[in-house]
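The values are calculated or read from the model by the stated rules, or taken from the named source; none is laboratory data. Since the structure is predicted, the reported quantities are computational estimates derived from the model, not experimental observations. Cβ: placed from backbone, ideal geometry, glycine included. Neighbour counts: every protein chain shown.
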Amino acid sequence: MSSLKLKTKVKSLRGEITVPGDKSISHRSVMFGSIAHGETIVTNFLPGEDCLSTISCFRKLGVTIKEDGEKLRISGNGYSGLTEPKEILDVGNSGTTIRLLLGILAGRPFHSSLVGDQSIGKRPMTRVTVPLSKMGAAIDGRNNGCYTPISVRGGSLAPIHYELPVASAQVKSSLILAGLQADGESTIIEPVETRDHTERMIRWFGGEIKKDHNVIKVKGGQKLTGTEIHVPGDISSAAFFLVAGAILPESEIVLKNVGLNPTRTGIIEVMEKMGADLEIVQQNQSQFEPAGDLVVRTSNLKGTVIEGKLIPKLIDEIPIIALLASQAEGVTVIKDAEELKVKETNRIDTVVHELQKLGVSIVATDDGMIINGKCKLMGGQVSSHGDHRIGMMLSIAALLCDDEVQLDQSEAISVSYPNFFTHLDKLSR
């Protein structure tokens, strides 16, 4: 566990960077490449710890994956090409890996055991294990399959008609991946629309999936074919520099090739609503995921209310939005964000606790937080609590501090943004 003295007293941020490949898409590129037939080539892959955990798990399932930095070559042999692992599948800190992998393993006629780190051990898995069990998979684990270690013995799956109790792209994707193996058509109904990378990727690999607003239908027995994927930049990673550029004086940052999937652009909608000087230039629609360059400049911000259908479009960005709100005029209220409680940490409590240490006027509510604006930040000893997004948010907050800021568990940042501090140094003036 490392402690790091953060950069403080930064006058401005100026320059151009290319953020790492999207984490959600990088995970799925490995998974779909592994269950497709033929070779899949992935470029701009995110070599962060979470995505490397996904590669490790599929190698243990018998898939040949060759790495060359940010380029992968995956030799897939379809679902039937996966073989029983001789070792335990360790997902590390990755909730995406374990939940989506459970959907794949549910239909495979062999036994697997899955574990993760201490944080994963606290995250509830019944949201996927219960519907997967209804489809016919034999799943067990601590507290009746709620927590890791979890064992799966898959086999023949029946299709399911399932209404998700919570809006979760991970749960939806897990059931879609199981549904691709079921004997018939499955229907999955979301309470509100969540990120649709899985649906887009099925089509990119030659499969078929129907979507009518929040109702998704997928047929089993489809054959997916290997393809080429260029992963766009991760908007969740870009969010930290979008906020930094808006709240630091005399700043202008250009972010190249950022993914602009409409189910992920909540951060842009909120910043525009708050009055940010932000523009999208050179949009590219040629790949299966839209992307473009973003320019952000120092902004006069005003508080707002963030709630309802917007929340799933920015759930991972709420920690940095809380910091953004602390520098806006007036009060910002975040509601309907209970899902934050079951992320890498309880992000409601963690964000509030850590920002309070730096002088932010912020309080927790049952489903979000209330932030008073125009806060002057001071230094202090803070911690990521092992959560990469908390660590990066605090690193941006430190830029506004006159006094020293020390970050504990700084290594967590490498989960999604290995070169975060290099980019921060490049932009700092």
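Please indicate, with yes or no, whether at least one residue in the range 217-226 is modelled with pLDDT of 95 or more, assigned to a loop (DSSP other than H, G, I, E, B) and in contact with a Phe, Trp or Tyr (Cβ under 6 Å, 6 or more places away or on another chain). Yes, the conditions are met somewhere in the range 217-226.
Condition first: out of contact with any strand residue (DSSP E or B) (no Cβ under 7 Å at 6 or more places or on another chain), of a type in the set (A, V, I, L, M) and outside any loop (DSSP other than H, G, I, E, B). Now tell me which residues in the range 162-215 satisfy that. Listed by number, the residues that qualify are 169, 171, 177, 178, 201, 202.
In the list 59, 73, which residue meets the criterion of being among the charged types (D, E, K, R), assigned to a helix (DSSP H, G or I) and modelled with pLDDT of 95 or more? Can you show your working first?
On the way: 73 fails: assigned to a helix (DSSP H, G or I).
Within the list 59, 73, the selection yields 59.
Applying the criterion of being over 23 Å from residue 231 (Cβ atoms) and of a type in the set (D, E, K, R) to the residues of the range 241-265, the residue that is nearest to the chain's Cα centre (by Cα) is 252. Of all the criteria given as (1) outside any helix (DSSP H, G or I); (2) among the β-branched types (Val, Ile, Thr); (3) under 25 Å from residue 8 (Cα atoms), the one not satisfied by residue 345 is (3).
Filter the range 311-338 for residues that are of a type in the set (Ser, Thr, Tyr) and part of a helix (DSSP H, G or I) and give the result. Let's see the steps before the verdict.
If we filter the range 311-338 for residues that are of a type in the set (Ser, Thr, Tyr), which is where we start, we get 326, 332.
326 - this is the single residue of the range 311-338 that is of a type in the set (Ser, Thr, Tyr) and part of a helix (DSSP H, G or I).
Suppose we keep only residues that are assigned to a strand (DSSP E or B) and of a type in the set (A, V, I, L, M) within the range 348-372. Which one would you say is surrounded by the fewest Cβ atoms within 10 Å (Cβ to Cβ)? Filtering first and then ranking leaves 363.
Of the residues making up the range 125-150, those that are surrounded by fewer than 21 Cβ atoms within 10 Å (Cβ to Cβ) and either in contact (Cβ under 8 Å) with a residue 60 or more places away in the chain or among the β-branched types (Val, Ile, Thr) (or both) are 126, 130, 149.
Answer yes or no: is there a residue in the range 120-142 that is within 23 Å of residue 418 (Cα to Cα) and part of a loop (DSSP other than H, G, I, E, B).
As a first pass, look at the range 120-142 and keep what is within 23 Å of residue 418 (Cα to Cα): 120.
Still in the list and also part of a loop (DSSP other than H, G, I, E, B): none.
Among the residues of the range 120-142, not one is within 23 Å of residue 418 (Cα to Cα) and part of a loop (DSSP other than H, G, I, E, B), which makes the answer no.
Every residue, every condition in (1) outside any strand (DSSP E or B); (2) surrounded by fewer than 24 Cβ atoms within 10 Å (Cβ to Cβ); (3) hydroxyl-bearing (Ser, Thr, Tyr), yes or no:
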position: 340; (1), (2), (3): yes, yes, no
position: 382; (1), (2), (3): no, no, no
position: 393; (1), (2), (3): yes, no, no
position: 403; (1), (2), (3): yes, yes, no
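Determine whether the range 409-426 contains at least one residue that is without any contact (Cβ under 8 Å) to a residue 12 or more places away in the chain and outside any loop (DSSP other than H, G, I, E, B). Yes, that holds for at least one residue.
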